[in-house]
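Peer 1: Here's a structure for you.
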Amino acid sequence: MQQLNRPVRRAVLVLHLAVSVSWLGLTLGLLALGITGYTTGSPEMATVAYRAMKIFGDWLVLPLALASLVSGLVLSLGTAWGLARHRWVVAKFWLTLITVLLSAFSLRPGINQAAAEAAAGTPAPDISLVVAPSVATATYLFITAISVLKPWGLTAHGSRLREATSAEAHPGRARRSGIRGAGVG
């Protein structure tokens, strides 16, 4: 993919940060509602909590999750970071993809079931609606930390790209360091 120009890169970065922070905030909200539904002694309060979770799950979870995934892909593919050059980018991609899939195929169905039971007048405490947002929140905080700290260095692919780029920029150095196929000749 072609490198994004500066205004586009900045716009995508702002979008990515906004939707990612929104996804984290949404998950914290779901956690608060899940704890409320699980711990309350009031069936009415549990019903309200689970029905509110359903509204958030239906309208916000997937759009924010997908927007975070897509904007992150655009940033990685459209900048020098690349998708497979740095271990932290690879980890961030896979963790985001896994949480998007878990949100779609585990969290939302669990919320829908709890909301249906609540609408039928039989809200049942569901620990999975506390565990899932807890794990998601911890995952998003970890993703945020690795985005800021950028640990672990280059992947093997990233190392090869860096060596090739260095060899093109400094052909004499490449010959001295034993890199074949680099330089003029």
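Peer 1: So, in the range 1-32, how many residues would count as being in contact (Cβ under 8 Å) with a residue 24 or more places away in the chain and hydrophobic (A, V, I, L, M, F, W, C)?
Peer 2: First, the residues of the range 1-32 that are in contact (Cβ under 8 Å) with a residue 24 or more places away in the chain: 1-4, 8-9, 12-13, 15-16, 19-20, 22-24, 26-31.
Then drop every residue that is not hydrophobic (A, V, I, L, M, F, W, C), which leaves 1, 4, 8, 12-13, 15, 19, 23-24, 26, 28, 30-31.
Residues meeting the conditions: 13.
Peer 1: Could you list, in sequence order, the residues of the range 118-135 that are buried (at least 16 other Cβ atoms within 10 Å of the Cβ) and among the aliphatic types (A, V, I, L, M)?
Peer 2: Ala118, Leu129, Val130, Ala132
Peer 1: Mind telling me which of the residues Ala115, Ala91 ends up being surrounded by fewer than 17 Cβ atoms within 10 Å (Cβ to Cβ) and touching a residue at least 60 places away in the same chain (Cβ under 8 Å)? Quick ask: steps written out before the conclusion?
Peer 2: On the way: Ala115 fails: surrounded by fewer than 17 Cβ atoms within 10 Å (Cβ to Cβ).
Just one listed residue meets the conditions, Ala91.
Peer 1: Could you list, in sequence order, the residues of the range 22-56 that are open to solvent by 30 Å² or more (accessible area, probe 1.4 Å), of a type in the set (A, V, I, L, M) and more than 15 Å from Leu107 (Cα to Cα)?
Peer 2: Met45, Val48
Peer 1: Select from the range 46-78 the residues that are β-branched (Val, Ile, Thr) and over 18 Å from the mean Cα position of the chain (by Cα) and list them in ascending order.
Peer 2: Going residue by residue through the range 46-78, those that are β-branched (Val, Ile, Thr) are 47-48, 55, 61, 70, 74.
Scanning the range 46-78 gives Thr47, Val48, Ile55.
Peer 1: Evaluate the following for Arg108: is it basic (Lys, Arg), at pLDDT below 95 and either open to solvent by 50 Å² or more (accessible area, probe 1.4 Å) or out of contact with any Phe, Trp or Tyr (no Cβ under 6 Å at 6 or more places or on another chain) (or both)? So that I can check it myself, show each step before the final result.
Peer 2: Numbers: basic (Lys, Arg): yes; at pLDDT below 95: no; either open to solvent by 50 Å² or more (accessible area, probe 1.4 Å) or out of contact with any Phe, Trp or Tyr (no Cβ under 6 Å at 6 or more places or on another chain) (or both): yes.
So Arg108 fails the test.
Peer 1: Follow-up question, since we're still on this one. So if I check each of Ala145, Ala138, Ala132, which one is modelled with pLDDT of 95 or more, under 19 Å from Asp58 (Cα atoms) and not β-branched (Val, Ile, Thr)? I'd like the intermediate steps shown before the answer.
Peer 2: Values: Ala145 fails: under 19 Å from Asp58 (Cα atoms); Ala138 fails: under 19 Å from Asp58 (Cα atoms).
None of the other options fit; the residue is Ala132.
Peer 1: Which of the residues spanning the range 1-21 are open to solvent by 80 Å² or more (accessible area, probe 1.4 Å) and either of a type in the set (D, E, K, R) or assigned to a helix (DSSP H, G or I) (or both)?
Peer 2: Let us first name the residues in the range 1-21 that are open to solvent by 80 Å² or more (accessible area, probe 1.4 Å), namely 1-3, 5-7, 9-10, 14-15, 17, 21.
Correct list: Arg6, Pro7, Arg9, Arg10, Val14, Leu15, Leu17, Val21.
Peer 1: Of all residues in the range 59-87, count the ones that are in contact (Cβ under 8 Å) with a residue 24 or more places away in the chain and assigned to a helix (DSSP H, G or I).
Peer 2: Taking the range 59-87 and keeping what is in contact (Cβ under 8 Å) with a residue 24 or more places away in the chain, we get 60-62, 64-69, 71-72, 74-75, 77-80, 82, 84-87.
After this cut, where a residue has to be assigned to a helix (DSSP H, G or I) as well, the list is 60-62, 64-69, 71-72, 74-75, 77, 87.
Of the residues in the range 59-87, 15 are in contact (Cβ under 8 Å) with a residue 24 or more places away in the chain and assigned to a helix (DSSP H, G or I).
Peer 1: Would you check which residues across the range 21-38 are farther than 14 Å from Ile143 by Cα and of a type in the set (A, V, I, L, M, F, W, C) and list them?
Peer 2: Hits for the range 21-38 are Leu26, Leu28, Leu30, Leu31, Ala32, Leu33, Ile35.
The values are calculated or read from the model by the stated rules, or taken from the named source; none is laboratory data. All of these numbers come straight from a predicted model, not from anything done at the bench. Note: ideal-geometry Cβ built from the backbone for every residue, glycine included; neighbour counts use all protein chains shown. Quick note on the areas: whole protein, heavy atoms, side chains included, nothing else; ligands and nucleic acids left out. Shrake-Rupley method; radii C 1.70, N 1.55, O 1.52, S 1.80 Å.
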